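The next block holds one structure in the form of structure tokens; read it before the comments.
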Amino acid sequence: MDWSLSIDKAIPRPLRVIFRGAGQVFFCCNAVTGLIFLIALYVGGITAGFAATVGVVSSTVAAYLLGFPEDDIDAGLYGFNGTLVGPCLFLFLEHTPQLWLYVVLASVLSTVVLAALMRILQPYNIPASTSPFVLTCWMFMVAVYAFDGFARGPVLPPPGIPSTIAETTAASTDAWFNAFTQDAAIAWCTAISKGIGEVMFADSVIVGALFLTGIAITSLRGAFMALSGAIVGVVVPVLLGADKTLIEMGLYAFNPVLTMMAVGWVFLKPTTGSALLALLAGILTIICQAGLANFLAPIGLPTLTFPFVLVMWMFLFAAGKSKYWGNAS
């Protein structure tokens, strides 16, 4: 929206770059949107908000010091991976004073990894997206087993094949689709909103709603794709009989949110056709997430946003060979 872009340009450059970095988590090069995202994270929890702030500042400063292209830095492209690194490590690792140093180091590394992947993928016109965040956090999570000063948190599962995998509570299709009651409607809305919030590890309906508002300020189509991705991330797992608790927490929705935004709004021409392609990509992202979750369980690692990255890459590579689909540029 024009008014938000006017405010964006009026914000002092250092703050504008930081806020844009936060906004780029949802592909939004808009300081107003990024500021809303950070405020939302602080609403969800002071620690998560501060961790995201430390992450985005560390990764952005590292990009400046390493002499990476200023246009990319100004667009916030070197900030969004750091924004994700901070809350991620504080969610999955034990809270210790040393963890703040860990966040800074991981955020800096995400900047280096991003620069390397951008160089590798540039000839193919494929974005690195959140892959630096995923690779960096995976490495730092595994590395804690070598250091006495760190330990995994209760949320991070221990390495090994889960013995209770057959005891998970499957979602009842009848319970979700046939019980059109006020409680059922609340459950749907909660899961959808949390699905958007979980992109930044926020288990909060309010945070999800604020994220969606921030996206809408930048683009109504982007917000529609995000909302559609969250809905797909609830409906499809219910139909497939996925674990009810995971669905209600939005943990099947955050990857489709990013996938549908990327395919249906950002990287392909915004048409009805690309919207349908985004829907297909969103559905396949859920299958990919379920498969990767079981694949990574023996080493005790979460999927993070890798299902989104993998499906997005496949669809964008395929689009380059199609006579029907073109990129947004």
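The values are calculated or read from the model by the stated rules, or taken from the named source; none is laboratory data. Just so it is clear, the structure is predicted and the values come from calculations on it, not from any experiment. Neighbour counts run over all protein chains shown; Cβ positions are idealised from the backbone, glycine included. Remember, those area values only see protein heavy atoms, side chains included, never the ligands or the DNA or RNA. Shrake-Rupley method; radii C 1.70, N 1.55, O 1.52, S 1.80 Å.
Odds and ends about this structure:
- None of 77, 121 is under 23 Å from residue 264 (Cα atoms) and in a helix (DSSP H, G or I) except 121.
- Count of residues meeting criterion [surrounded by fewer than 19 Cβ atoms within 10 Å (Cβ to Cβ) and part of a helix (DSSP H, G or I)] in segment 5-52: 14
- Counted residues, segment 244-282 - those being surrounded by fewer than 21 Cβ atoms within 10 Å (Cβ to Cβ) and farther than 15 Å from residue 196 by Cβ: 12
- Residue 192 being assigned to a helix (DSSP H, G or I), open to solvent by 50 Å² or more (accessible area, probe 1.4 Å) and modelled with pLDDT of 60 or more: no
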